[in-house]
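Remarks on the structure that follows.
The values are calculated or read from the model by the stated rules, or taken from the named source; none is laboratory data. Bear in mind the structure is a predicted one, so any value in this text is a computation, not a measurement. Using ideal geometry, Cβ is built from the backbone for each residue, glycine included, and neighbour counts are taken over all protein chains shown. Side chains included, ligands, DNA and RNA excluded: accessible areas come from the protein's heavy atoms. Shrake-Rupley method; radii C 1.70, N 1.55, O 1.52, S 1.80 Å.
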Amino acid sequence: MNENVRVPEALRSSLAGLLDGLPPSQAAQAVERLIATYRGATQTHAPVLRDRSDVAAYAAYRMPATFEAVRSALGALQDAVPQWTPATHTDVGGGTGAASWAVAEAWDTATTVLDWAEPALAVGRELAAASGVEGLGAIRWELARIGSALKLAATDLITVSYVLNELTAEDRTALVDAAASAATGAVVIVEPGTPDGYARIIEARDRLIAAGFTVAAPCPHSATCPIEPGTDWCHFSARVSRSSLHRQVKGGSLAYEDEKFSYVAAVRGPAEPAGNRIVRRPQIRKGQVLLELCTPQEELRRETVSKRHGPLYRAARDAEWGDAWPPAE
């Protein structure tokens, strides 16, 4: 972790004035269209973000959630390869740079954001400059067509967050293959925590494994996912603090929301994945905790931890969805 960076606070501060001057009705309309795209199975040959009002609504609506989802995935990657530090990072389809903010919190890297929407790059550049975070101010923002024609330079870490759902099947395959070829250290891909999002992650996971990568997270193995297709899907949850601006744009009153996401983090070379991964919210009952686990034996298993397990029971009561199990000593 880059201990000198307080990125979440900087992000909220940078977003604070973004919607000033934008009529609330216009922002709400843009948010509704973006929600439909985010939840749907849009296939497009053009950027989803069309102008500055779209970008402003997107940033207020999505950046905090995307940041927290990628932050969670990167934390699991750090746990699996604790000695690895990327010097360079490419954020493919990064838009306003939410994933790059998460990377800046984890490591000091030289980051390049690629996106095909110039208004998104412009706003991303403004937000990063306003952050006061040195690493963000040094980001390179480059216009690039995201799809089968994309050429990626070699880089230590590649992130692809909430991008595959915008692409055709052909472009998705080409993008994952390009990331696998260019990444010298790791690839992290994040998608919405929906059945379709999970299906895209599994497709990407399979291609990364075929390209010689090892799955570092969330899976405790690089074998076939034990979930029978069509019966369930693997996803996780990240708690998102909502500013007053965020609540205004999303029409809610709670101070938080839970972002559901699916992801894969894969590395070149060895990794130390979780002994088991908690794949559902732990169920706390009187005197016991029920944990749903994905295991290195390539199976899903329920484990009951009771008071007689002593310290392990106390750890189970504190465990969260997505954590490694048992916890590191």
Handout entry: Options 74, 160, 107, ranked by Cα towards positive dipole end of segment 47-167, top entry (Cβ charges)
Key = 160
Fill in the blank from the handout: A correct Karplus calculation of ³J(HN,Hα) over segment 150-163, with 6.51 cos²θ - 1.76 cosθ + 1.60, θ = phi - 60°, whole Hz and x for Gly and Pro, returns 5, 10, 10, 7, 4, 7, 5, 10, 10, 10, 9, 10, 6, 10
Practice task
Would you mind pulling out the separation of the Cα centroids of segment 196-214 and segment 112-183, in Å?
Solution key: 19
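DSSP loop GluC sites (Glu not before Pro) in segment 124-154 with at most 14 other Cβ atoms within 10 Å of their Cβ, which ones?
When the GluC sites (Glu not before Pro) of segment 124-154 are filtered for loop state and at most 14 Cβ neighbours within 10 Å, nothing remains.
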Exercise for the section: With a 1.4 Å probe and every protein chain kept in, tell me what percent of the accessible surface of segment 71-179 is carbon plus sulfur. Expected result: 50
